[in-house]
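Below is one structure, written out as structure tokens; comments come after it.
The values are calculated or read from the model by the stated rules, or taken from the named source; none is laboratory data. Worth saying up front: this structure is predicted, and the values here are computed from it rather than measured. A quick note on method: Cβ atoms are made from the backbone with ideal geometry, for glycine too, and the neighbour counts reach across all protein chains shown.
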Amino acid sequence: MENNTLGNWVWFLFIGGVIGWLAGLITRGRGFGIMGDIVIGIIGAALGGWMAGVLGLYASSSAGAFLLALVGAVVLVGLTRFVVRHVQ
């Protein structure tokens, strides 16, 4: 996000929410509910973008950025569910 306007942040949160919801569907199983999956998905999407940058991977399109964010969200939702399941 080069221009940090309110509209960009709202769009970022909306897309992160959609990605979180999709990540919850992909990972299946006993989850955190739709709101929990959305919050974890938003954080995971940011994490996925960061991890891609560290690895030198850059998306050249919106679809590529969406996929990178989705992978990060799926990983975080899966890890969070794994940790919660084994801590309880």
| request: Of the numbered conditions (1) in a helix (DSSP H, G or I); (2) of a type outside the set (D, E, K, R); (3) at pLDDT 80 or above, residue 41 fails exactly one; give the number of that condition. | output: (3)
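Considering every residue within the range 20-32, establish whether at least one is among the basic types (Lys, Arg), in contact (Cβ under 8 Å) with a residue 12 or more places away in the chain and exposed (fewer than 11 other Cβ atoms within 10 Å of the Cβ).
Within the range 20-32, the first condition is being among the basic types (Lys, Arg), and the residues that meet it are 28, 30.
Retained after the next criterion (residues that are in contact (Cβ under 8 Å) with a residue 12 or more places away in the chain): 30.
Adding the requirement that they be exposed (fewer than 11 other Cβ atoms within 10 Å of the Cβ) leaves 30.
Yes, because at least one residue in the range 20-32 is among the basic types (Lys, Arg), in contact (Cβ under 8 Å) with a residue 12 or more places away in the chain and exposed (fewer than 11 other Cβ atoms within 10 Å of the Cβ).
Counting only residues that are part of a helix (DSSP H, G or I) and not hydrophobic (A, V, I, L, M, F, W, C), which one in the range 1-34 is modelled with the lowest pLDDT?
Keep residues of the range 1-34 that are part of a helix (DSSP H, G or I), which gives 6-27, 33-34.
If we keep only those that are not hydrophobic (A, V, I, L, M, F, W, C) as well, we get 7-8, 16-17, 20, 24, 27, 33.
Working: 7: 76, 8: 71, 16: 79, 17: 81, 20: 81, 24: 79, 27: 78, 33: 75.
In this case the residue turns out to be 8.
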| Qualifying position, being out of contact with any strand residue (DSSP E or B) (no Cβ under 6 Å at 6 or more places or on another chain), at pLDDT 80 or above, surrounded by 16 or more Cβ atoms within 10 Å (Cβ to Cβ) and not in a loop (DSSP other than H, G, I, E, B), among 64, 48 | 48
| remark: The condition of being surrounded by 15 or more Cβ atoms within 10 Å (Cβ to Cβ) and part of a helix (DSSP H, G or I) holds, among 79, 70, only for 70
| query | Quick one: how many residues across the range 51-61 are in a helix (DSSP H, G or I) and not small (Gly, Ala, Ser)? | reply | 2
